[in-house]
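Read the structure below first, then the notes.
The values are calculated or read from the model by the stated rules, or taken from the named source; none is laboratory data. Nothing here was measured: the structure is a model prediction, and the numbers come from that model. Every residue, glycine as well, gets a Cβ built from its backbone with ideal geometry; the counts of neighbours run over all protein chains shown. Side chains are part of the model used for accessible areas, which takes the heavy atoms of the whole protein and leaves out ligands, DNA and RNA. Shrake-Rupley method; radii C 1.70, N 1.55, O 1.52, S 1.80 Å.
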Amino acid sequence: LLEREAASIRNGVSPVPHDFAGLVIGDEEIDALIGGADRADESIAAEDGESARSRSQTPTRWDAAIEQARDELNRVLPATPLGPVAAAAQLGALAAQILAVLVSIELDARRQRLAAFVQNDVTRPRLTLALVARLFGLPGLSVVAPDGPLRVAALIQLSPDNPWSVSQVIPVPALCWA
């Protein structure tokens, strides 16, 4: 999901302002982080006269990769350290996916850089509520809401003293040690 958002920003599709996106995270670093996700989509779209808005509403190579990753996570989750946690908390598929994304970002500096880039703020290496909404829609927000399964199970917390949209969603430290 983060790679798709970073590629969208690079291709001028995302709602995030392009100027100074990520501050010091340059194009070369993003190319390396997303495996050189090509700008071919951009050049092909330009040749076809396709607008950024219509490209953002068109399925891309990212959609298939994201669905494949979701299917794979659902398949292997029970055998991972998060499997017993998800089972004990009776998490649904979406809640388990969001928890896996949060923990994977917490454990990987590369993903933290992508999250910062996508949010246009190097001081926010974790998903904010606004980015949860962008990546997972309103159902994703309900998962991290005060009465949502991840909060009720005490698996996440929100960063304090921030405006709502930029509050970061933080997995509890014990999950990272699992």
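The slack between Ser142 and Trp164, meaning 0.36 nm per residue of separation minus the straight C-alpha distance, is 6.5 nm. Backbone phi angles across region 65-76, fed through the Karplus curve with coefficients 6.51, -1.76 and 1.60 (θ = phi - 60°), yield HN-Hα couplings of 5, 5, 4, 5, 5, 4, 4, 5, 4, 4, 6, 9 Hz in residue order; Gly and Pro are listed as x.
Using the Karplus relation 6.51 cos²θ - 1.76 cosθ + 1.60 with θ = phi - 60°, the per-residue 3J(HN,Hα) values for region 91-100 come to 6, x, 4, 5, 4, 5, 5, 5, 4, 4 Hz, with x marking Gly and Pro.
Tell me the net charge near Ala115. Cut-off is 12 Å between Cβ atoms, Ala115 excluded, with +1 for each Lys or Arg and -1 for each Asp or Glu. Every neighbour counted, the sum reads +1. Applied to region 110-119, the Karplus parametrisation 6.51 cos²θ - 1.76 cosθ + 1.60 on θ = phi - 60° returns per-residue 3J(HN,Hα) values of 4, 5, 4, 5, 5, 4, 4, 4, 4, 8 Hz, with x for Gly and Pro. Note on region 61-178: Kirkwood radius taken over Cα pairs, Stokes-Einstein applied at 37 °C and 0.692 mPa s, translational D equal to 227 µm² s⁻¹. Accessible surface of Asp147, taken over heavy atoms with a 1.4 Å probe and every protein chain present, rounds to 130 Å².
Note that region 92-143 presents 36 Å² accessible area per residue, ligands and nucleic acids not counted, probe 1.4 Å.
For Gln157, nonlocal amide neighbours, meaning residues 5 or more places apart or on other chains whose placed amide H falls under 5 Å from its own, are Ile170, Val172.
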